[in-house]
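> Have a look at this one.
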2 protein chains.
Amino acid sequence: MAEHVQIREVGPRDGLQLVKTMLTAEQKLEWCRRAGEAGIEEVEVTSFVPPSVMPQFADAGEVARGAVGLGGFTAAALVPNLKGAQRAIEAGLRKVNYVLSASEAHNQANVRRSTQESLENFKDIIDFRNDLAKNSSVRVQIAGGIATSFGCTISGKVDESRVLEIADKYLEMGADELIIADTVGYANPAQIRRLMSAVLKVAGSVPVACHFHDTFGLGLANATAALEAGVRAFDSAIGGLGGCPFAPGASGNINTEDTVYLVESLGFSTGIDIAALLELRRVIEAWLPGERFTGGVARAGLPKTFQPVPAHDQRRPRRAAT
Amino acid sequence: MAEHVQIREVGPRDGLQLVKTMLTAEQKLEWCRRAGEAGIEEVEVTSFVPPSVMPQFADAGEVARGAVGLGGFTAAALVPNLKGAQRAIEAGLRKVNYVLSASEAHNQANVRRSTQESLENFKDIIDFRNDLAKNSSVRVQIAGGIATSFGCTISGKVDESRVLEIADKYLEMGADELIIADTVGYANPAQIRRLMSAVLKVAGSVPVACHFHDTFGLGLANATAALEAGVRAFDSAIGGLGGCPFAPGASGNINTEDTVYLVESLGFSTGIDIAALLELRRVIEAWLPGERFTGGVARAGLPKTFQPVPAHDQRRPRRAAT
């Protein structure tokens with residue numbers, strides 16, 4: 001049986017950070033629903049940031065509630081602080097992705113505080129989550145994300161020891177998952193293999209995901225290196241949308257369709273129906289005129305030689321065969 | 001000292017196969033000249049195919065003579081048969097890249113004969129080259145290229161044993177180099193690692209180059225896998241131009257700028273000045289309006305963390321510092 005790799009759709013969050021068109025909550029929910037129907041197990045549905053900073057997520061509560069209502073996939077959200085986490089959980093989310101930056105300068109630009117303060121904020125979120133678990137039936141998974149783990153457009157090089165130190169602190173505080181992010185696309189495959197092997201070692205049984213951007217065309221080379229290092233979960237966005245507003249020159253996430261194609265070509269199962277992703281992509285392209293969509297599979301169709309890998313987990317609701 | 005990797009510019013040949021605009025011989029020679037000045041050691045300057053098939057190469061003789069006159073880089077040309085090789089050598093070229101397809105169907109579509117017949121034609125070229133060496137001071141290097149080595153848009157899967165068999169025959173007949181081509185972009189990193197390790201083994205001391213297309217976004221993931229397998233020479237095209245007219249849906253070559261960036265990021269030296277490539281790219285973009293140019297480095301600039309790797313070979317003429 002093929003080993004499973006989880007591809008998580010972050011398009012409704014990261015994919016919308018730089019686009020010029022505001023999508024409605026209904027459109028975002030269609031994105032989530034169809035991603036889930038295509039077999040995506042987890043969708044980062046929104047970001048609980050102040051609407052003054054990112055007005056495109058002013059509907060975060062509505063989208064989160066709607067996504068939870070859809071079912072069929074894990075709905076997660078990005079949060080930069082305790083307040084965001086509280087709003088996310090209140091809206092019904094049971095997975096919260098916290099993010100801080102390994103680069104001090106990027107953390108200041110992104111959330112206006114030091115990385116150390118951001119780590120202390122994470123502890124508050126974990127305490128809040130633990131109190132909730134003690135006093136109610138609400139169980140929430142908290143992921144610890146490390147942005148700019150492979151370099152920063154503001155400050156340049158980021159020491160691997162710093163990333164490992166932050167990973168260690170996250171684990172000590174009780175993170176349920178680590179997300180190692182190449183926010184600006186600076187990583188190369190050798191760097192990925194080195195750092196991800198070290199992160200997987202400190203993480204032990206705690207799941208580790210990678211979040212890659214394809215700024216320099218190395219996105220899928222980096223994903224390949226991470227797979228080889230042992231990473232089994234990746235963030236990606238349909239059409240390769242995405243980008244960090246506080247990382248000048250940054251461009252899109254790795255493309256979901258192409259990532260699924262790569263991962264299955266390497267013999268792993270994803271449980272994802274690429275044809276359904278391509279249909280969803282066409283819908284999103286119509287919503288977002290003028291945006292740069294990337295992707296080889298969308299342009300060229302799947303290779304004649306491509307064979308989808310059967311997924312072992314058949315319990316999850318899947319799109320009916322058409 | 002860093003290990004050297006040769007990046008060869010095939011834009012003036014492969015890069016022009018599908019473009020709508022006809023470049024003049026002067027423009028093609030400017031492309032060659034500036035590529036050489038940027039540090040590119042070998043340029044595939046044209047294709048000696050019948051002008052009735054590819055009118056954009058009707059000036060092959062003029063371009064080849066001009067490129068030889070420029071000096072500073074090895075000028076090579078693609079040839080599909082003995083007549084092409086004779087024309088190339090007559091024009092002054094001392095490196096000839098012969099190509100046949102591992103896929104029977106693609107070979108028929110491309111050169112209208114069987115792969116076996118193409119192999120026999122290669123023998124004629126080698127005999128011609130050997131006679132020339134015996135009777136004159138002319139020494140010509142003949143490379144044996146294997147198109148569709150990783151799959152074919154017409155016939156699908158291509159057996160690895162078939163590619164190895166053709167490689168073996170090329171070597172037996174006296175090929176000076178093997179070029180293993182993923183003409184349609186079907187390859188994945190696992191396949192590359194497997195096949196290229198086997199090819200390098202049979203090739204022994206004969207150099208082996210890879211020629212990749214980026215149809216599905218895996219071009220640089222595949223280049224990384226080939227580097228890891230031990231390949232030290234790659235074809236690429238500035239701006240990621242290129243494509244095979246007999247491979248429906250095929251798209252551009254791996255991008256020269258991004259390939260140099262990848263290879264140097266992994267610690268190899270290329271001797272190539274990326275800034276000079278980007279200037280050349282801007283010139284070519286102005287010549288070819290409406291074409292699809294790819295490339296992360298051109299869009300985002302080089303990462304702050306990028307450090308060019310010093311080349312060991314300082315004997316070659318290089319662009320003066322500006």
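The values are calculated or read from the model by the stated rules, or taken from the named source; none is laboratory data. All of these numbers come straight from a predicted model, not from anything done at the bench. Note that we place each Cβ from the backbone using ideal geometry, even for glycine, and neighbour counts take in every protein chain shown.
> Tally the residues that are facing chain A (nearest Cβ under 7 Å) and either in contact with a Cys (Cβ under 7 Å, 6 or more places away or on another chain) or buried (at least 19 other Cβ atoms within 10 Å of the Cβ) (or both), restricting the search to segment B:301-314.
2
> Which residues, counting only those in segment A:107-146, are under 21 Å from A:T74 (Cβ atoms) and outside any helix (DSSP H, G or I)? Give the steps one after another, and end with the answer.
Residues of segment A:107-146 that are under 21 Å from A:T74 (Cβ atoms), as a first pass: A:122, A:125-126, A:128-130, A:132-133, A:136-146.
Correct list: A:S136, A:S137, A:V138, A:R139, A:V140, A:Q141, A:I142, A:A143, A:G144, A:G145, A:I146.
> Across segment B:28-46, what is the number of residues that are in contact with a Pro (Cβ under 9 Å, 6 or more places away or on another chain) and assigned to a helix (DSSP H, G or I)?
Total satisfying the criteria: 7.
> Here's something else I'd like to know. Could you please tell me which pairs satisfy a Cβ distance under 8 Å, a separation of 6+ or placement on different chains, a first residue in segment A:154-165 that is in contact (Cβ under 8 Å) with a residue 24 or more places away in the chain, and a second residue that is assigned to a strand (DSSP E or B)?
From residues that are in contact (Cβ under 8 Å) with a residue 24 or more places away in the chain, the pairs are A:V158/A:C152; A:V163/A:I146; A:V163/A:I180.
> Just checking, which of A:G39, A:G71 is on the phi > 0 side of the Ramachandran plot and either surrounded by fewer than 19 Cβ atoms within 10 Å (Cβ to Cβ) or out of contact with any Asp or Glu (no Cβ under 9 Å at 6 or more places or on another chain) (or both)? Lay out the reasoning, then the answer.
On the way: A:G39 fails: either surrounded by fewer than 19 Cβ atoms within 10 Å (Cβ to Cβ) or out of contact with any Asp or Glu (no Cβ under 9 Å at 6 or more places or on another chain) (or both).
Answer to the selection: A:G71.
> So, in segment B:48-64, exactly how many residues are touching a helix residue (DSSP H, G or I) at 6+ places or on another chain (Cβ under 9 Å) and part of a helix (DSSP H, G or I)?
7
> Can you pull out the residues in segment A:274-300 that are assigned to a loop (DSSP other than H, G, I, E, B), within 12 Å of chain B (Cβ to nearest Cβ) and over 20 Å from A:C210 (Cβ atoms)?
We begin by selecting, within segment A:274-300, every residue assigned to a loop (DSSP other than H, G, I, E, B); these are A:288-295.
Next, only the ones that are within 12 Å of chain B (Cβ to nearest Cβ) stay: A:292, A:294-295.
Matches in segment A:274-300: A:R292 only.
> Could you please give the count of residues in segment A:64-80 that are within 17 Å of the chain's Cα centre (by Cα) and either among the basic types (K, R) or under 20 Å from A:P51 (Cβ atoms) (or both)?
Total meeting the criteria: 8.
> How do the pairs read when you match residues in segment A:81-93 that are at positive phi with residues anywhere that are of a type outside the set (G, A, S), using Cβ under 8 Å and keeping only pairs 6 or more apart or on different chains?
A:G92/A:R65; A:G92/A:V68
> Looking only at residues in segment B:205-226 that are touching a residue at least 24 places away in the same chain (Cβ under 8 Å) and not hydrophobic (A, V, I, L, M, F, W, C), which one is farthest from the other protein chains (Cβ to nearest Cβ)?
Here is the first cut: in segment B:205-226, the residues touching a residue at least 24 places away in the same chain (Cβ under 8 Å) are B:206-216, B:218-226.
From the residues that got through so far, the ones that are not hydrophobic (A, V, I, L, M, F, W, C) too are B:207, B:211, B:213-215, B:219, B:222, B:224.
Details: B:P207: 23, B:H211: 17, B:H213: 10, B:D214: 7, B:T215: 5, B:G219: 8, B:N222: 8, B:T224: 5 Å.
Filtering segment B:205-226 for residues that are touching a residue at least 24 places away in the same chain (Cβ under 8 Å) and not hydrophobic (A, V, I, L, M, F, W, C), the one farthest from the other protein chains (Cβ to nearest Cβ) comes out as B:P207.
> Another question, then. Might you let me know whether segment A:258-265 holds any residue that is at pLDDT 95 or above, more than 12 Å from every other protein chain (Cβ to nearest Cβ) and over 24 Å from B:R292 (Cβ atoms)?
Start the filter on segment A:258-265 by keeping residues that are at pLDDT 95 or above, which leaves A:258-265.
After this cut, where a residue has to be more than 12 Å from every other protein chain (Cβ to nearest Cβ) as well, the list is none.
Checked segment A:258-265: no residue is at pLDDT 95 or above, more than 12 Å from every other protein chain (Cβ to nearest Cβ) and over 24 Å from B:R292 (Cβ atoms).
> Further question on the same structure: Only one of (1) more than 17 Å from the chain's Cα centre (by Cα); (2) at pLDDT 95 or above is not met by B:P50, so which one is it?
Against the list (1) more than 17 Å from the chain's Cα centre (by Cα); (2) at pLDDT 95 or above, B:P50 comes up short only on (2).
> A further question on this structure: A:R194 is checked against (1) in contact with a helix residue (DSSP H, G or I) (Cβ under 6 Å, 6 or more places away or on another chain); (2) modelled with pLDDT of 95 or more; (3) within 14 Å of another protein chain (Cβ to nearest Cβ) and fails just one. What number does that condition carry?
(1)
> In segment A:99-114, which residues are within 20 Å of the chain's Cα centre (by Cα) and either among the basic types (K, R) or closer than 20 Å to A:E160 by Cα (or both)?
Hits for segment A:99-114 are A:V99, A:L100, A:S101, A:A102, A:S103, A:H106, A:N107.
> Please pick out the residue among A:I146, A:I142 that is away from chain B (no Cβ under 14 Å), hydrophobic (A, V, I, L, M, F, W, C) and in contact with a Gly (Cβ under 9 Å, 6 or more places away or on another chain).
Working: A:I146 fails: in contact with a Gly (Cβ under 9 Å, 6 or more places away or on another chain).
Being away from chain B (no Cβ under 14 Å), hydrophobic (A, V, I, L, M, F, W, C) and in contact with a Gly (Cβ under 9 Å, 6 or more places away or on another chain) holds for just one of A:I146, A:I142, which is A:I142.
> Return a yes/no flag: does segment B:91-106 have any residue that is under 30 Å from B:G156 (Cβ atoms), touching a Ser or Thr at 6+ places or on another chain (Cβ under 7 Å), modelled with pLDDT under 95 and part of a helix (DSSP H, G or I).
Going through segment B:91-106, the residues under 30 Å from B:G156 (Cβ atoms) turn out to be B:97-106.
Within this subset, residues satisfying the condition of being touching a Ser or Thr at 6+ places or on another chain (Cβ under 7 Å) are B:100-106.
Checking the rest, the ones that are also modelled with pLDDT under 95 come to B:105-106.
So of that shortlist, the ones also part of a helix (DSSP H, G or I) come out as B:105-106.
Yes: segment B:91-106 contains one or more residues that are under 30 Å from B:G156 (Cβ atoms), touching a Ser or Thr at 6+ places or on another chain (Cβ under 7 Å), modelled with pLDDT under 95 and part of a helix (DSSP H, G or I).
> Of all residues in segment B:66-90, which are among the aliphatic types (A, V, I, L, M) and either under 26 Å from B:E165 (Cβ atoms) or in a strand (DSSP E or B) (or both)?
Within segment B:66-90, B:A75, B:A76, B:A77, B:L78, B:V79, B:L82, B:A85 qualify.
> Out of curiosity, is A:G271 surrounded by 18 or more Cβ atoms within 10 Å (Cβ to Cβ) and either within 11 Å of chain B (Cβ to nearest Cβ) or more than 16 Å from A:H213 (Cβ to Cβ) (or both)?
Values: surrounded by 18 or more Cβ atoms within 10 Å (Cβ to Cβ): yes; either within 11 Å of chain B (Cβ to nearest Cβ) or more than 16 Å from A:H213 (Cβ to Cβ) (or both): yes.
Yes: the conditions hold for A:G271.
> Same structure again: Just give me the residues in segment A:42-52 being surrounded by fewer than 24 Cβ atoms within 10 Å (Cβ to Cβ) and polar (S, T, N, Q), in sequence order.
Passing the criteria: only A:S52.
> Within 30 Å of B:L278 (Cα to Cα) and either touching a residue at least 40 places away in the same chain (Cβ under 8 Å) or not small (G, A, S) (or both) - does that describe any residue in segment A:267-277?
Residues of segment A:267-277 that are within 30 Å of B:L278 (Cα to Cα), as a first pass: none.
No, there is no match, as no residue in segment A:267-277 is within 30 Å of B:L278 (Cα to Cα) and either touching a residue at least 40 places away in the same chain (Cβ under 8 Å) or not small (G, A, S) (or both).
> Okay, moving on. Taking B:V68, is it closer than 25 Å to B:C32 by Cβ and in contact (Cβ under 8 Å) with a residue 12 or more places away in the chain? Full working, then the answer.
Values: closer than 25 Å to B:C32 by Cβ: yes; in contact (Cβ under 8 Å) with a residue 12 or more places away in the chain: yes.
Yes; evaluated as a whole, the condition is true for this residue.
> I've got another one for you. Please find, within segment B:207-230, the residue that is nearest to B:A76 (Cα to Cα) out of those that are surrounded by fewer than 24 Cβ atoms within 10 Å (Cβ to Cβ) and touching a helix residue (DSSP H, G or I) at 6+ places or on another chain (Cβ under 6 Å).
Ranking the qualifying residues of segment B:207-230, first place goes to B:V208.
> Can you tell me which residues in segment B:227-257 are of a type in the set (S, T, N, Q) and either closer than 15 Å to B:V297 by Cα or more than 10 Å from chain A (Cβ to nearest Cβ) (or both)? Spell out how you get there, then give the answer.
Of the residues in segment B:227-257, the ones of a type in the set (S, T, N, Q) are B:236, B:251, B:253, B:255-256.
Matches in segment B:227-257: B:S236, B:N253, B:N255, B:T256.
> Among the charged types (D, E, K, R) and surrounded by fewer than 22 Cβ atoms within 10 Å (Cβ to Cβ): does that describe B:E9?
Numbers: among the charged types (D, E, K, R): yes; surrounded by fewer than 22 Cβ atoms within 10 Å (Cβ to Cβ): no.
Spelling it out, it is not the case that B:E9 is among the charged types (D, E, K, R) and surrounded by fewer than 22 Cβ atoms within 10 Å (Cβ to Cβ).
> Go through segment A:156-185 and report how many residues are within 14 Å of chain B (Cβ to nearest Cβ), assigned to a loop (DSSP other than H, G, I, E, B) and surrounded by 19 or more Cβ atoms within 10 Å (Cβ to Cβ).
4
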